[in-house]
Amino acid sequence: MRVGVVGAGQACAPHLQSLQDLQAELELAWVIGRDAERLAALELPVGTRTSTRLEDLLEDKTVRAVLVLTPPNTHLDIVRRVAGAGKHVLVEKPLEVSLDKAQQLVESCEREGVKLAVMLQHRMREAARALAQLVAGGTLGELVSASASVRWWRPQAYYDEPGRGTLARDGGGVLMTQAIHTLDLLLCLTGMPDTVNAMASTSAMHRMECEDTVAAVLHYPNGAIGSMDATTAAYPGFPERISLNFTKGSATLEAGEFHAELLDGRTFHAGTRQASGSGANMMAFDHQAHRAVLQDFVAAIRNHTEPAVTGRSALQVHRLIAAMMASSGSGATVSPTA
């Protein structure tokens with residue numbers, strides 16, 4: 001299957017590594033970027049063509065799928081054009097800079113009848129999948145409480161990049177750019193809370209438009225209570241963590257490892273400890289989960305099935321983030337499902 005890539009910035013590195021791993025079943029036909037010099041500096045497979053014109057990729061009828069790896073505020077326009085050309089889409093998170101635009105993006109792919117997958121790769125980690133299976137099977141019982149913590153570090157130089165941490169380009173700060181992965185995974189494990197109370201602020205550590213520190217309380221339909229804290233002002237950066245308490249035991253997911261202990265004495269463990277880009281080097285993580293999302297996306301195209309991480313499922317975390325920011329702005333309790 002011939003595929004194309006749109007975007008030649010830092011975010012493309014794990015995707016290009018994944019494409020290299022899957023070269024037996026995928027051929028990288030095009031890489032499109034704004035900067036010709038940056039494109040020329042990429043190490044690409046022999047035969048891969050580069051261009052600064054998206055039209056060159058769209059007009060190539062042999063390309064069946066496109067990876068959109070550009071800044072969030074460009075996603076809707078590019079995805080509309082790619083889907084309009086009849087090509088399937090895998091887009092980097094977040095879907096777009098606002099819930100409304102994210103919904104438009106999903107709907108555009110549905111109208112055109114093309115697959116849409118989203119790079120929320122934490123769902124595809126071995127440990128996350130093992131825990132999700134236990135939860136879905138009822139082994140752990142009913143949810144009692146949950147907590148999610150994303151205590152990462154980004155130096156000021158990170159936010160000095162034009163557009164970084166702004167509403168116009170990124171759609172937000174720590175929630176949309178860093179904590180979105182952990183929040184998405186939390187929702188996959190617990191379902192959507194019915195109400196949210198949150199506070200967001202910009203700490204003294206950073207000069208930026210959007211929030212770098214958030215705390216929230218989540219209330220679930222069954223009465224369970226959750227908490228969430230996220231920041232990029234925790235030096236030197238710590239592994240993200242999800243802790244879940246159930247009626248039959250508890251489970252913890254941290255840095256790619258999952259461990260559960262049940263009241264009946266059984267224990268479960270899966271995964272291996274891994275870096276996640278929590279420190280100053282945001283690219284310090286393994287690309288295996290990226291590869292898993294990409295491989296699943298390709299299988300969905302070939303088998304006429306839905307990807308594991310669909311665009312419509314990714315809207316849930318956008319709804320939760322929008323509710324958190326609305327609650328912080330108003331001081332009121334907000335429903336993410338309203």
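Among residues of the stretch 304-320 that are of a type in the set (D, E, K, R), those with a Cβ under 8 angstrom from a residue that is at pLDDT below 95, sequence gap 6+ or separate chain, pair up as ARG319/THR337.
You will find that of THR252, THR305, the residue that is polar (S, T, N, Q), in contact with a Leu (Cβ under 9 Å, 6 or more places away or on another chain) and either in the same structural domain as GLY137 (by TED's automatic domain parsing) or over 19 Å from ALA132 (Cα atoms) (or both) is THR252 and no other. For the stretch 183-194, a residue qualifies if it is crowded, with 24+ Cβ neighbours inside 10 Å and out of contact with any helix residue (DSSP H, G or I) (no Cβ under 7 Å at 6 or more places or on another chain), and the qualifying residues are LEU186, PRO193. Restricting LEU143, LEU95, LEU134 to those that are of a type in the set (A, V, I, L, M, F, W, C), under 18 Å from the mean Cα position of the chain (by Cα) and modelled with pLDDT of 95 or more reduces the list to LEU95. Can you name the residue in the stretch 254-282 that is under 17 Å from the mean Cα position of the chain (by Cα) and assigned to a strand (DSSP E or B) and, of all such residues, is surrounded by the fewest Cβ atoms within 10 Å (Cβ to Cβ)? Only one residue tops the list, namely GLU254.
With respect to being outside the structural domain of MET228 (by TED's automatic domain parsing), of a type in the set (A, V, I, L, M, F, W, C), surrounded by fewer than 14 Cβ atoms within 10 Å (Cβ to Cβ) and more than 13 Å from the chain's Cα centre (by Cα), ALA338 fits the description.
Just one of the listed residues (GLY172, GLY137, GLY141) is in the same structural domain as ASN222 (by TED's automatic domain parsing) and within 22 Å of ASN281 (Cα to Cα), namely GLY172. Residue pairs whose Cβ atoms lie under 8 Å apart, sitting 6 or more positions apart in sequence or on different chains, and linking a residue in the stretch 7-36 that is on the phi > 0 side of the Ramachandran plot to a partner that is of a type in the set (A, V, I, L, M, F, W, C), are GLY7/ILE32; GLY7/LEU67; GLY7/VAL68; GLY7/LEU69.
The values are calculated or read from the model by the stated rules, or taken from the named source; none is laboratory data. Note that the structure is predicted; figures quoted are calculated from it, not measured. Don't worry about glycine lacking a Cβ; one is built from the backbone with ideal geometry, like all the others, and counts go over all protein chains shown.
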